[in-house]
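Throughout, read-outs are computed from the coordinates displayed, never taken from laboratory work. Given the structure is predicted, the values throughout are model-derived calculations rather than measurements. FYI the Cβ positions are ideal-geometry reconstructions off the backbone, even for glycines, and counts take in every protein chain you see.
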Amino acid sequence: MTCGMSRRCPILVLLAAVIAALMPRTYAVGVCQNAQAAHDWGGKVGTRRAVSEGHQIQLFDLQQLDNRHGTPCPYWAAHKKSGTPILTHSPIDTDSLRRALIARADTADAAEVFRLSAVFERGVPGVAADSTVAMQLLQRAADMKSPAALNYLGFKYYRGEGVPRDARRALTLIEEAAQLGDVRSYNNLGWLLAEGELVERDYAKAAYWLRRASDGGVATASAMLGDLYARGEGVPCDTLRADSLYTLAIDRGLADAQLKLLALRGGNYRQLSPGEAVRLGLRHYLRRGPTVGVFLFSIAAEKGDARAEALLGDACSRGIGTAYDHTLSIIHFYRAATAGYAPAQFVVAEMLDMFPDALQQIPDDALPPGTQRNGSQQYWYEQAAAAGITDAQTAAETMLELQ
């Protein structure tokens, strides 16, 4: 169940506008990926109008702000990864700002009241968190029929956060939000009806709402709907449909859906030929399902596929789809190289160029049957070159190419 509280950018824009109205000499800074983006953001919060009225508005590039005073800006540090608009650390009257934000709610629309509730729930620079004010504003936004506020208030009632736990009230609020078209509410309503923990379970209705949420782009809804199809609950049992829904959830960034897909299809994957397993594995590995990719590579490697061994080496060397393991990556690459796979031969040659004793890390019982450690980088370069692999880029592209 998701709360639906992703409102940081709109909140910061709102704060900038309120501060600009409060203090004639206070300025807001648009911190974006480049100067043009910062200028564009400045226009969104009314800075062009503010300039004409005498406000001091400055727009900084990320790198400029980082070293502006010789020490990192504390607000810059808090938002360094996101590159979203932030406020400067100009001195402001925090009491006046707090009062102005509360007063703004009297004339704001439902969406803005909801954003104001987030300001007081989380607290931001210049405004301390205040759970009482936050709940009052959230309730007001819900009374004004903000779909997002109704959904989030329902989440609060379900969890018992700031209000008595009341699953029936939660269901009513989330249903109302769903009827108003809130996609996250579709997901939450489907989850409540499927779980049946505190409300009556109804798989058919759950499937209806989860399908709408999935169609709206919610990854968790795609995965939960896949569960229903996998088990035949509320919908006909359809493992192919479940497979496609889990894959959709994976492509949308839900890592946990990889385990669902493996639980559903792992047995079938073991029946694939090595080539089929590698091809399907690469589709997942190169997108957002590296765990599934590594599983498929392992199946192909067990059946003697040299390319699959090399791909396992790549995964272990980068910690993608499996834990980072330098020694295991060397083992996989060396197995692929001794089996004649040219990209792996080039990798081994480069590795020996940098670390001449690298193969000593391979335990004796991990060496390919009937082979010994060949630590001559020249030998491996020549072997790779004979197959047309003469540089690292070609080796990588060949290994990761979808065929």
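Residues that are within 21 Å of residue 360 (Cα to Cα) and among the small types (Gly, Ala, Ser) within segment 316-341 comprise 317, 329, 336, 337, 339, 340, listed in sequence order. The residues on offer are 304, 253, and the sole one that is on the phi > 0 side of the Ramachandran plot and under 17 Å from the mean Cα position of the chain (by Cα) is 253.
Looking at segment 189-308, the helices (runs of 4 or more DSSP H) lying wholly inside it that each contain 2 or more residues that are among the small types (Gly, Ala, Ser) and farther than 30 Å from residue 339 by Cβ sit at 203-215, 219-231, 239-251, 257-269.
Conditions tested, residue by residue: (1) buried (at least 23 other Cβ atoms within 10 Å of the Cβ); (2) of a type outside the set (Asp, Glu); (3) on the phi > 0 side of the Ramachandran plot; (4) in contact (Cβ under 8 Å) with a residue 24 or more places away in the chain.
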residue: 129; (1), (2), (3), (4): no, yes, no, no
residue: 142; (1), (2), (3), (4): yes, yes, no, yes
residue: 146; (1), (2), (3), (4): yes, yes, no, yes
residue: 166; (1), (2), (3), (4): no, no, no, no
residue: 169; (1), (2), (3), (4): no, yes, no, no
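Please determine, by comparing only the residues of segment 120-148 that are assigned to a helix (DSSP H, G or I) and touching a Leu at 6+ places or on another chain (Cβ under 6 Å), which one is farthest from residue 175 (Cα to Cα). Filtering first and then ranking leaves 137.
Selection of segment 171-199 for residues being out of contact with any helix residue (DSSP H, G or I) (no Cβ under 7 Å at 6 or more places or on another chain) and at positive phi yields only 196.
Scanning segment 388-399 for residues that are surrounded by 15 or more Cβ atoms within 10 Å (Cβ to Cβ) and farther than 19 Å from residue 352 by Cα yields 398, 399. One residue alone among 344, 349 is surrounded by 15 or more Cβ atoms within 10 Å (Cβ to Cβ) and closer than 25 Å to residue 273 by Cβ, and that residue is 344.
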